[in-house]
Each structure stands twice: as structure tokens, then as C-alpha cells.
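Everything on this sheet refers to the single structure shown next.
The values are calculated or read from the model by the stated rules, or taken from the named source; none is laboratory data. These numbers come from a predicted model, not from an experiment. Heads up, the Cβs are rebuilt from the backbone with ideal geometry, glycines too, and the neighbour counts pull from every protein chain shown. Surface accessibility is based on the protein's heavy atoms, side chains included, excluding ligands, DNA and RNA. Shrake-Rupley method; radii C 1.70, N 1.55, O 1.52, S 1.80 Å.
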Amino acid sequence: MADLNEVPPLPAALVAGLADLGFEAEVHEELPADRVIRRAVVTVTRPGSAQRFELLCGRGVRMADLARLPRSGLHQFVFTDYVPDATGASFRRAGVRYLDEAGNAWINFGAVLVDIRGRRRQGSKEGPRATRGNLFSPGSAQVVLVLLAWPELWRVTRRELAHTAGVSLGKAHDVVEILRQAGFGPDAVGRPDGDLLDLWAAAYPTGLARRLELGAFHGPVDKIRSIGADQRLYVSGEVAVDDLLRPSTLVVYVADLDPRLALVNRWRADGPPNIRVRRSFWREPHGRRAAGSENVAAPWPLVYADLLASTDPRVRAAAGDWKDRHAGSLKGL
């Protein structure tokens, strides 16, 4: 470990921001970085509590940067110029602590909890942005999902991968290259199993899920009827894990939203929504399509993401059980 005098001091804005919240921080060692993000091991303290973190400092740090940079094994702490609301929600789902120059913060360890949201950006500053090749933009996230669900797609042609993910050939090629450069894939070493899944799932509700949204309803979730044998319904969220909990909400994926679907299932547009209908963008690989069933479970990483998006502790616990059940398929990622 490097001597404390041999590593650069923490950015003054970070020290000041932490001090305003009653924290102090001490840098221990620098970690491999890139052109726009500095990484270091730091200890953040507040009277009675202390926690060691992997610190990531840079402009515009987003979830995609956490995926492409190597991991130290420590919990991550992001300091950046500004954390938009959607990014902050993704960070919190992923357990990533953060502080930005506007004063937004989510820091919890020991008996400490600081949660500040809604502060607006104060002006703009010059300098390189951090995110390059956003793995969690909607199109990229579609490719990541099908690779997580069906790892054999790493071995197929880019054209077949693009067809399965519902994206362009160029997009499929770019995402695979970014993933390989970040250390993911069946031949990769050094990235923990499930790391990509957890980051993708944390980003999903405020990213790709919004792009896929077709409608929201209130109604029963125990029996779901399609409007014909040719309509494929993919169930997700709580209904997909009804052996783990008693469902009260439903996420269903369809190619297109036919108004008759709500009628035959007695779903209403009024009332607090407990049913989300989203577009099923993927095409199941050859030999993977379930036969003889109109309603099947959505790809398992998608079910995991829909469960993880809940604020209900029982549902989030079921998400962990569901992930453990499928963890074997993540070998090599």
C-alpha cells in the first residue's frame, strides 16, 4: 500500500462537500484509472462510524462507467459534478454511495444515513465527460439483457445477436466490444459473476423500462388471459415468482398493446396502478421458445430487474432468491 504522502489529495470540492455533511475522508492508495475518472481507496468517517470505499471521481460519472472500470472489491463511492434523479435512483439500487457538487448525496454505513435529493445543477464546467459507450442506454441494454439471459449468444454471429436483441447490427457489435474491453464475456477473468447483472438491473427501471412502457392499469393479477392463441404474454415481477411470495403486482411484456387485453382481464385505467404493460423487444433464440403456452415467464434477468425495482422489502428479498436460483447461468460473465 502506498504511503499517504505519495498519493494526491482528495479534490477540494469533495472534501468541502463531505465536511458540510459532517464527514471526513482520508485517501489510502490510488487505483488504476483512465483519462476521465480517478479511482482511489478512501476511508469516510463520521463520529462513531467509518467505512472504506472505492472512490470514483470525474465529470458525468454514470452507471455505465461502473461497468467498464475494474472493481476493487470495496463498496463504491461516486463523486461527480451532478447526479441526475434517474442516475441517483440507479446508484441507490446498486448500493453505490454518491455525492455531487450540487449537494445531492446518498451515504449510508453503520448508523449513518444521509439522503439528499432534488438539488439542481449550478451552472456548467468545462472538462471531459466520463461516460463512453453507455452499456445501459436503451438499445445497449437490450443487447446486455439477451446476453445475460442466453449466454450462448456470445458465440453466435453479430447478426443473430442483433436479431435476438431487436437492435441494429452495428449496435450489437459495439456493445459486445465494450463488454469485452470491460472484462465481461465467457473468456473473461477478473470480473465477479453477477456484477454485470446487478449493474444492468439497477439501471433498468429508469432507463430501458421507460422506453418499453405501453400502459399502466389497476386490477387482479392472479389470472392473466391473452386475447388469442397467437398473442404471446411474458409475465414478470411478482407473478413470475409466485412460489416465493404472494403477488400483488404484475409486469407483463407483449409485442403490442391491444386494448382488448385490458378488457378481458378486467384491468382499469383508474386507481393506483399495480399492473405495468411493456413491449417485448427480444426474440427467443432457436430452441429456447417454450411450446404450447400463451403465457410464459419473461427472461429471468428481466424478472430480477422488475423485482429489484420494488421498494417492498419482501419483493427485494425474493429478487435475491431468484438471482441465487439462476446464478449458475452467469458463469463466465
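Above 14 Å lies some portion of the pair distances; for the range 17-66, what is it as a whole percent of all C-alpha pairs? Let's see the in-between values first.
Working: 686 of 1225 pairs.
More than 14 Å apart: 56 percent of the Cα pairs in the range 17-66.
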message: Along its three principal axes, how long is the chain when you only count alpha carbons? Whole Å, largest extent first please.
response: 70, 46, 37
message: Roughly how far apart, in whole Å, are the Cα centres of the range 202-240 and the range 39-87?
response: 34
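Nearest 20 debye, what's the magnitude of the dipole of the chain about its Cα centre given +1 on Lys and Arg Cβ and -1 on Asp and Glu Cβ? Before the final figure, lay out each step's value.
Details: 45 positive and 39 negative charges, 186 e Å.
In total the dipole reaches around 900 debye.
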The range 17-103: equivalent-ellipsoid semi-axes (sqrt of 5 x gyration tensor eigenvalues, Cα, Å): 19, 16, 12
- request: Would you kindly find the accessible area of Trp150, with a 1.4 Å probe and non-protein molecules such as ligands, DNA and RNA excluded, rounding to the nearest 10 Å²?
  value: 20
field: Whole-Hz couplings from phi, Karplus 6.51/-1.76/1.60, listed for the range 152-162; x for Gly and Pro
entry: 5, 5, 4, 9, 8, 5, 4, 5, 5, 4, 4
- prompt: So who's got an amide H within less than 5 Å of the one on Val112, skipping anything under 5 residues away but keeping other chains? H placed 1.01 Å off N, in plane.
  reply: none
statement: Distance in nm between Asp34 and Asp20 label points, each 7 Å along Cα→Cβ, equals 2.9
field: Per-residue [θ]222 nm for the chain (sum of -39500 (n - 2.57) over DSSP H runs n ≥ 4, rounded to 500)
entry: -8500 deg cm²/dmol
- prompt: Using a 1.4 angstrom probe and counting only protein chains, how large is the accessible area of Leu257 in Å², to 10?
  reply: 60
Gyration tensor verdict on the range 222-333 (Cα atoms; rounded if a/c is under 1.5, prolate if a/b is larger than b/c, oblate otherwise): oblate
field: Listed residues Thr249, Thr157, Thr311 arranged by accessible area, highest first, probe 1.4 Å
entry: Thr311, Thr157, Thr249
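Using a 1.4 Å probe and counting only protein heavy atoms, arrange Asp306, Asp187, Asp198 so the residue with the most accessible area comes first.
The ordering from most to least exposed comes out as Asp187, Asp198, Asp306.
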message: Explain nothing, just compute: Karplus ³J(HN,Hα) = 6.51 cos²θ - 1.76 cosθ + 1.60, θ = phi - 60°, for every residue of the range 97-111 in order, whole Hz, x for Gly and Pro.
response: 6, 7, 8, 10, 5, 7, x, 5, 7, 9, 9, 9, 6, x, 8
